[in-house]
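Notes to accompany the following structure.
The values are calculated or read from the model by the stated rules, or taken from the named source; none is laboratory data. Worth saying up front: this structure is predicted, and the values here are computed from it rather than measured. Cβ sites come from the backbone with ideal geometry, for glycine too, and all protein chains shown count toward neighbours.
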Amino acid sequence: MPPLLQVILFLSPCVAGTRASHLLEGLRLLKTEFALRLYRSVAAGRNGTNFVISPTGVALSLEILQFGAQGNTGRQLTSALGYTVHDLRVRDCLYTAYATLRNSSHGTVMELACNLFVQEGTPLSPCFVEQISWWANSSFQPADLRDPNSTTIQANEGLSRQTTGENPGAPLRELVSTMSAQLVLVSTMTFQNTWQRGFSSMDSQPLPFTCVHGLVLQVPMMHQMAEVNYGVFRDAVEHEVGVLELPFLGNVASLFLVLPRDKNIDLGLIEPHLTARVINLWTSRLKRSRMDVFLP
C-alpha cells in the first residue's frame, strides 16, 4: 500500500457565459492555490500527524473581513486569497456559487455559513453590516467577548441540526485568547452525499497499510471492483504518482486521491510540487479504468 493518502475537496460552482466561465476558471485556480498554501502552512507545524482543514471555510472568513478592511490589512487579505470581493465580477461569481450550494440535489447536502460574534457596544459601519448580511448565509450575534464564560458559540442552527440532530455549542474561551478581541468569526461547512458506486460493507477487512517511514499497520479497508477515472503522472522532479477520482451520486462532486506509486517515496517529497495548474492538468486527463479500489 502507498505510504499516505492526502485528500483535498474543491468547490466548483456553475455559471453561464464565456466571460463568466473564464472568471470561474481563474477563481477555481486561485482557490486551489489558496488551499495548497493553507495546507502547507498548517502541515508545517503538525510533525506528520493527521489533520482536517476546510480551505473554503477559511476563505469565507477572509472574504467577509475584506468587506471592512482597508489599507495594509486589505492588501494582506487580497494577497492571501489572490482575489478581492471588491471586484464586482468576483463578488457576483462567488455570490452565485454560494447560493448554488443551498440547492441540494441527488441527496446532496452542501452548506456554508459564517457567524460573526461582535463585542457588545462595538460600532460597525452600516455598509459593512449590509454587505455581509447576505454573503454566504452569514449572520451577526452580539457577545460579551470580555467574559468568555458567559457566552456559548452556537453554530448555524439549521446547519447543525441537519448534520448532528442537535445544536452543539463551544465556549468562547476556547477560541478567544485575548480579552481585547472585538470580533470572532466561526465558519462551518457541511457536505453529505453517497458514493456513485458504494463500497460493500461485506468486503471490508483488516489489511496492511504502509505509513511514512515504512511503518506497516493493520487497518480496516473497504473494497470495491469498479470502473473509475484513474491516471499515472510525473511531478516536476519525475516522481510517479497515481490519481484516482471517486465521484459522488449525481456527479455533483468528487473525491480525488493523490498518492506516490513507489511506497518508498514519502508524500512530503511530492507535496511541494503540487500546484493548482498541475492538479487541474492531472484531473482533466484521467481515463476510465477497471480496477480494485482499497481505502482505509
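Here are a few things to note about the model shown:
- Checked against (1) out of contact with any helix residue (DSSP H, G or I) (no Cβ under 9 Å at 6 or more places or on another chain); (2) surrounded by 14 or more Cβ atoms within 10 Å (Cβ to Cβ); (3) part of a strand (DSSP E or B), Gln141 meets all criteria but (2).
- Being over 20 Å from the mean Cα position of the chain (by Cα) and either more than 30 Å from Ile64 (Cβ to Cβ) or in contact (Cβ under 8 Å) with a residue 12 or more places away in the chain (or both) is not true of Phe191.
- Taken over segment 182-213, the criterion of being modelled with pLDDT under 85 and part of a loop (DSSP other than H, G, I, E, B) is satisfied by Gln182, Ser200, Ser204, Cys211.
- Residue check for Val252: surrounded by 12 or more Cβ atoms within 10 Å (Cβ to Cβ), of a type in the set (A, V, I, L, M) and within 30 Å of Ala97 (Cα to Cα): yes
- Residues of segment 225-241 satisfying the condition of being under 26 Å from the mean Cα position of the chain (by Cα) and loosely packed, with under 15 Cβ neighbours inside 10 Å: Val232, Arg234, Ala236, Glu240
- Checked against (1) out of contact with any Leu (no Cβ under 6 Å at 6 or more places or on another chain); (2) more than 24 Å from Leu29 (Cα to Cα), Phe140 meets all criteria but (1).
- For segment 195-235, the candidate set comprises residues that are in contact with a His (Cβ under 9 Å, 6 or more places away or on another chain) and of a type outside the set (D, E, K, R); within that set, the residue that is nearest to Leu101 (Cα to Cα) is Phe199.
- The residue that is modelled with the lowest pLDDT, among those in segment 1-39 that are within 16 Å of Leu81 (Cβ to Cβ) and charged (D, E, K, R), is Arg28.
Rundown of residues vs (1) within 25 Å of the chain's Cα centre (by Cα); (2) modelled with pLDDT of 75 or more; (3) surrounded by 13 or more Cβ atoms within 10 Å (Cβ to Cβ), yes/no style:
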| position | (1), (2), (3) |
| --- | --- |
| Glu166 | yes, no, no |
| Leu175 | yes, no, yes |
| Thr178 | no, no, no |
| Leu217 | no, yes, no |
| His223 | no, yes, yes |
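- Hey, Asn264 exposed (fewer than 11 other Cβ atoms within 10 Å of the Cβ) and not assigned by TED's automatic domain parsing to the domain that holds Arg28 or not: yes
- Taken together, the residues in segment 62-79 that are surrounded by 15 or more Cβ atoms within 10 Å (Cβ to Cβ) and either β-branched (Val, Ile, Thr) or assigned to a helix (DSSP H, G or I) (or both) amount to 8.
- Positions within segment 283-296 being modelled with pLDDT under 95 and in contact with a Phe, Trp or Tyr (Cβ under 7 Å, 6 or more places away or on another chain), in sequence order: Thr283, Ser289, Met291, Pro296
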